[in-house]
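Comments concern the structure below.
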Amino acid sequence: MSLVSRLKENWLQPFFFFGNNPITLIGSGLTTASAITLVFYWAMEMIGHRFANPYLGIIFFLILPALFIAGLLLVPIGMGLRRRALLRAGQIPAVYPTIHLGDPLFRHGVLVVVAATCVNLIIVGTASYQGVTYMDSPHFCGQACHVMYPQWTAYQASPHSHVDCVECHVGSGMKSYVQAKVNGTKQLIEVTFQDYPRPIRAPLNVLRPARETCEECHSPTRFTGEKLLVKTTFGDDVSNSVTRTVLVLHLGGVDSLSHRTGIHGHHLNNFEYVATDADAQTIIAVTATNPDGTRTQYVDSTWKGPIKGVTRTMDCIDCHNQATHVFQTAEDAIDEAMVDGTPSPSLPFVHKEGLQLIQATYTSQAEAGQKITAGLDDFYRTQYPQIWQSQRPVVDAAAKRLVAMYDRNVFPSMKVTWGTYPNNIGHMAYPGCFRCHDGNHVSKGGKTLSNDCSLCHNLLAVDETHPQILNDLSLQNELHLQ
Ligand code: HEC
Ligand code: HEC
Ligand code: HEC
Ligand code: HEC
Ligand code: HEC
């Protein structure tokens with residue numbers, strides 16, 4: 001007997017004989033159909049169709065493979081059951097029936113596979129095609145998944161409100177795409193089982209490198225030169241007195257002669273740092289690569305432990321961690337709103353009262369809404385009845401704006417409050433630049449990472465009521481108050 005016919009008689013024929021049962025047929029249908037769908041999906045990707053949404057991962061990384069394996073398991077189970085039944089009834093034939101294309105048994109099998117594949121393709125195909133457009137949209141990422149609500153809220157108010165979440169969170173290239181899928185699937189499971197961290201954090205190391213995200217749109221070498229900043233703040237006194245700080249930031253960059261200058265220019269050298277926490281708020285060492293290739297390590301002289309922890313190469317996100325999810329400090333929120341005119345600086349003590357109201361602890365945004373509104377109303381009704389009588393709409397508008405500030409930044413259900421998410425630009429409310437430039441980071445050679453006030457900016461005026469420089473520059477919109 002030839003090898004082929006032996007194979008046919010001893011294996012293939014018994015296989016088809018025992019395989020002729022509903023369980024095995026369903027199993028092979030499932031397996032083949034999910035395999036074909038998966039192959040179709042991969043083929044779509046090969047020709048360049050990019051299903052960028054991580055949540056599709058749940059279909060393609062969990063459901064289809066699960067069906068594939070379940071189907072594979074059903075095949076031997078069905079065969080075994082049929083064999084046992086036939087054995088009991090003494091109906092196992094001495095010679096298994098031969099198979100050929102005309103065989104109804106064989107045809108049944110093929111039909112089931114074809115039918116299941118069509119149904120699968122139509123259902124999964126249509127669903128994913130329709131789903132893709134929707135699921136790729138920030139609305140899906142930010143809203144369908146309620147745990148993202150704080151980030152979604154901050155996103156809408158940001159300069160990137162028209163950049164899709166996936167542009168920054170998925171990155172380009174196959175590797176980041178697959179990673180995002182696996183992550184997305186993991187997150188979906190966490191959300192389903194209510195087993196996710198509150199507040200949600202994205203340790204910098206799990207984010208895509210800026211090269212694959214920010215730098216797709218912004219050139220790191222763009223020369224920006226100097227940038228003027230004017231900060232207007234209000235006091236806690238009865239007249240909410242205005243003061244202004246004016247500074248020029250030495251943003252720099254790489255100029256046409258390839259000189260690297262200023263804040264942007266000096267951090268393009270792939271500095272590596274070591275932090276003791278995932279949010280990189282405590283940086284104990286940073287290593288700079290000098291133009292001649294040598295390396296200088298600056299170590300925090302107040303740190304006595306070993307130099308180990310989370311290591312990372314510095315990029316845009318180490319400073320611009322809030323490029324999109326800008327969570328304000330309570331002070332910034334109210335100052336910004338008052339520059340805008342509401343709460344009106346004409347209301348006595350509105351800065352002090354407003355700040356206290358939005359900084360108090362509430363159990364939900366709904367409770368905050370009621371108590372902030374009632375609190376401000378009470379204050380003017382009892383302390384300034386005349387104003388309360390004559391300027392009700394101004395008081396009401398102030399209360400409404402305070403509630404909006406709260407809802408924009410504080411999310412009790414997600415344990416997000418003022419200051420939960422540090423902002424690394426600057427050094428006033430959070431350590432920011434001073435995580436390294438605090439004057440304590442010293443090299444072996446005795447060189448200190450400077451914290452000289454003029455290193456990063458020129459302070460043209462600090463907390464002045466009417467800085468002369470603003471008049472000189474004629475910055476009209478900075479001067480409309482008092
Ligand atoms: C311009 C780039 C960019 C876009 C667009 C963007 N993100 Fe982010 N996202 C970031 C960066 C950078 C961080 C890291 C912040 C940090 O670690 O402090 C982050 C962090 C997060 C976090 C973790 C929480 C945190 O603040 O650390 C969540 C959740 C998140 N983003 C969701 C979203 C959602 C949902 C969208 C779309 C509605 C979105 N992101 C759009 C850049 C972006
Ligand atoms: C898809 C393109 C795109 C990506 C990706 C992107 N940005 Fe932007 N970014 C923009 C555009 C467009 C603006 C200008 C918005 C405007 O002027 O209102 C902008 C503005 C900014 C600004 C100025 C904000 C301001 O207040 O004026 C900063 C800073 C910034 N981006 C940093 C980043 C960082 C950091 C990343 C990566 C985490 C990033 N961007 C990713 C397109 C992008
Ligand atoms: C060492 C910290 C640091 C790093 C690293 C950094 N930036 Fe900045 N960047 C700043 C500061 C500070 C400002 C000014 C902030 C402000 O306007 O309040 C700024 C401003 C900007 C602006 C707005 C410029 C304007 O004209 O208003 C853009 C866009 C920007 N950065 C993009 C990037 C990109 C892209 C990268 C990565 C290649 C990057 N930055 C890396 C600190 C940094
Ligand atoms: C992870 C540590 C780290 C952080 C955070 C950091 N820097 Fe730096 N910075 C360095 C190192 C290292 C150097 C280079 C020192 C050298 O040349 O040896 C440097 C250099 C500079 C220089 C140039 C100094 C010079 O000699 O002219 C400026 C300006 C600067 N940083 C501004 C900033 C600003 C602004 C921020 C915050 C937005 C910031 N840095 C955050 C590590 C850091
Ligand atoms: C390593 C760089 C760096 C050094 C050193 C530095 N600053 Fe700053 N500073 C910044 C940056 C960046 C901002 C802008 C933050 C922003 O965009 O809101 C800032 C903002 C400020 C502001 C206005 C911020 C506000 O919210 O009112 C003041 C005031 C200030 N710095 C004072 C100082 C003083 C005083 C020193 C010296 C002890 C100093 N800075 C040293 C980087 C630096």
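The values are calculated or read from the model by the stated rules, or taken from the named source; none is laboratory data. Please read all numbers here as calculations on a predicted model, not as lab measurements. With ideal geometry, Cβ positions are generated from the backbone for all residues, glycine too; neighbour counts draw on all protein chains shown.
Structure above, values below:
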read-out	value
The range 403-443 - residue that is without any contact (Cβ under 8 Å) to a residue 60 or more places away in the chain and aliphatic (A, V, I, L, M) and, of those, surrounded by the fewest Cβ atoms within 10 Å (Cβ to Cβ)	Met428
Residues that are over 13 Å from Ala66 (Cα atoms) and among the hydroxyl-bearing types (Ser, Thr, Tyr), drawn from the range 8-36	Thr24, Ser28
Among (1) modelled with pLDDT of 80 or more; (2) surrounded by 15 or more Cβ atoms within 10 Å (Cβ to Cβ); (3) not aromatic (Phe, Trp, Tyr); (4) not in a helix (DSSP H, G or I) - the single one Met148 does not satisfy	(4)
Checking Ala285 against (1) within 28 Å of Leu475 (Cα to Cα); (2) assigned to a strand (DSSP E or B); (3) out of contact with any helix residue (DSSP H, G or I) (no Cβ under 6 Å at 6 or more places or on another chain), the condition it does not meet	(1)
